[in-house]
1. Could you give every pair whose Cβ atoms fall below 7 Å, whose first residue belongs to segment 143-172 and is over 17 Å from ASP68 (Cβ atoms), and whose second residue is open to solvent by 80 Å² or more (accessible area, probe 1.4 Å) and modelled with pLDDT of 95 or more, counting only separations of at least 6 or pairs across chains?
2. Among the listed residues GLY144, GLY157, GLY137, GLY148, identify the single one that is at positive phi and open to solvent by less than 70 Å² (accessible area, probe 1.4 Å).
3. Can you find even one residue in segment 318-325 that is of a type in the set (D, E, K, R) and surrounded by fewer than 17 Cβ atoms within 10 Å (Cβ to Cβ)?
4. If you check VAL203, VAL216, which single one turns out to be under 30 Å from LEU417 (Cα atoms) and modelled with pLDDT of 95 or more?
5. Among ILE449, ILE371, which is assigned to a strand (DSSP E or B), buried (at least 22 other Cβ atoms within 10 Å of the Cβ) and touching a Cys at 6+ places or on another chain (Cβ under 6 Å)?
6. Counting only residues that are within 15 Å of VAL197 (Cβ to Cβ), in a helix (DSSP H, G or I) and β-branched (Val, Ile, Thr), how many does segment 4-57 have?
7. Pick from segment 121-151 the residues that are under 20 Å from GLN109 (Cβ atoms) and part of a strand (DSSP E or B): which of them is farthest from the chain's Cα centre (by Cα)?
8. Which pairs do you get when a residue that is closer than 14 Å to PHE411 by Cβ, found in segment 315-328, comes within reach of a residue that is open to solvent by less than 20 Å² (accessible area, probe 1.4 Å) and among the charged types (D, E, K, R), reach meaning Cβ atoms under 9 angstrom, with the pair 6+ apart or on two chains?
Amino acid sequence: MAYLSPDPELDYPRTDVTSFVLERARELGDKPALIDGPTGRELSFAALADGVAALASGLAARGFAKGDVLGLYMPNIPEYAIVFHGAAAAGGKCTTMNPLYTAGEASHQLKDSGAKLLVTVPPFLDVAREAAEQAGGVEVFVVGEAEGATPFADLFGDPAQAPSVEIDPEADIAVLPYSSGTTGLPKGVMLTHRNLVANLAQVQGAFPISSDDTLVGCLPFFHIYGMTVIMNLGLRQGATIVTLPRFDLEQFLGVIEKHRVSRAYVVPPIALALAKHPAVEGRDLSSVTTIMSGAAPLGAELAEQVASRLGCTVVQGYGLTETSPVTHVIRPDGENRPGSIGQPLAGTECRLVDPETGEDVAKGERGELWIRGPQVMLGYLNNPEATVNTIDGEGWLHTGDVATADDDGYFFIVDRLKELIKYKGFQVPPAELEALIITHPKVADVAVIGVPDEEAGELPKAYVVTAADDFNADELMEWVGEQVAPQKRIRLVEVVDEIPKSPSGKILRRVLKDREAAKA
């Protein structure tokens, strides 16, 4: 059976994402749109609109045209929104990059996406330059000042000369975030203007915010959760967003107190800190009315601990990069069922399917969650095989997550078919780590899985068959850590005699997971 949203169908405006998000920017004028948390530096709505127009103008003058790609390699700062929407207003698209990426990881994304320009900040400049050089033909610009670097300001033109670009919302791509999908290496997710506009309208319909709200932008804007639910929805609704370049609990709490933050969007590790960390004691967090958690499952008990400690409502949502991202949410004015991801958004259809038979499961039983709606991506860039393995001929996106639904259509995520490790809300693909580790001269074979951890969600663990008597686990973890982003580091290593595999050679991760469960 198909599960439908309890919300009425929406009439999604046929427009580009920048026009939609900044529709009221001139009207809001001097109101702060974004505030840099560490410094207090403000960017007003009017200045944001001017900056976007000036960047679009300057990009067009440089020959950046419809369909071109700009890499965005920055932490959360007010300029992030200018770069994102300036590229879109020029008819191009951003590929948003994890600022913790190594040069090798960043160069892969630049090359695969076909980026022509890269915008970064001084602390990331060395890595950005190396990545751009490896990718070839990518110009680097830096927000702020750095010796020998081309300033971001050089990209600005006359805002009155901003180009008028004809956008087809259904076909033209607005952003290319990278996701590992259900399995494998990171792939460019093609999200159209229509995808983003529809999801902004869907989320606002189910989980509304207003111009009276102040949001804390502690989740990275390169990640689709922070990009859509905090940055773009906040700006669309005229809220003020206080940005944090990285999550620091003391700074996070200080920003909430100083700016009277009303809504906080978090991931489970932040929820855990709010529930248990002694730093929360004595802080005035009374302005917070609602906390939404996403990116990984939040247990009912932890949600209730946060709600009790802060005296606010704690709800959960669900989505994927491939769905722009939100598909389900607990409505703040409805019944809160802790542990549930809520009901589908307007225009979103869901099925629970037996992955072996392709048939819908009986009511109350577990099944793979399939989703169809206007927020579902076009597909994966340069990867038609991965696309058809994820979206079937009827438009159903196969999430790889196992869920149940109750009689009222509230969904609960209970397991994962996919092999991804979720470390602090980040996707860590085991295959990528295995491909790296197997190249180590002292490793004969390897398998990587995620093992449960209260703070991180899951920790990447490597099972290793050694090829040398002097193999050292700490040395291997250090070696891997030098070549990958922090969330991909191996945290645990166990030496084994052999890796369990199927007759076809596929690693039997379930056997390893069962082994871990038996130890608990």
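The values are calculated or read from the model by the stated rules, or taken from the named source; none is laboratory data. These numbers were taken from a predicted model, which means no experiment stands behind them. Here Cβ is always computed from backbone atoms with ideal geometry, including for glycine, and neighbour counts include all displayed protein chains. Just the protein is used for accessible areas: all its heavy atoms, side chains included, with ligands, DNA and RNA removed. Shrake-Rupley method; radii C 1.70, N 1.55, O 1.52, S 1.80 Å.
1. Hits for this filter: PRO169/ARG14.
2. Exactly one residue qualifies, and that residue is GLY144.
3. No.
4. On the way: VAL216 fails: under 30 Å from LEU417 (Cα atoms).
Sole residue among the options that is under 30 Å from LEU417 (Cα atoms) and modelled with pLDDT of 95 or more: VAL203.
5. On the way: ILE449 fails: touching a Cys at 6+ places or on another chain (Cβ under 6 Å).
Every option except ILE371 fails the conditions.
6. Adding up the residues that qualify gives 3.
7. Keep residues of segment 121-151 that are under 20 Å from GLN109 (Cβ atoms), which gives 121, 123-143.
Among the residues that remain, those that are also part of a strand (DSSP E or B) are: 139-142.
Numbers: GLU139: 25, VAL140: 24, PHE141: 24, VAL142: 23 Å.
So, considering only residues that are under 20 Å from GLN109 (Cβ atoms) and part of a strand (DSSP E or B), the one farthest from the chain's Cα centre (by Cα) is GLU139.
8. TYR318/ASP401; LEU320/ASP401
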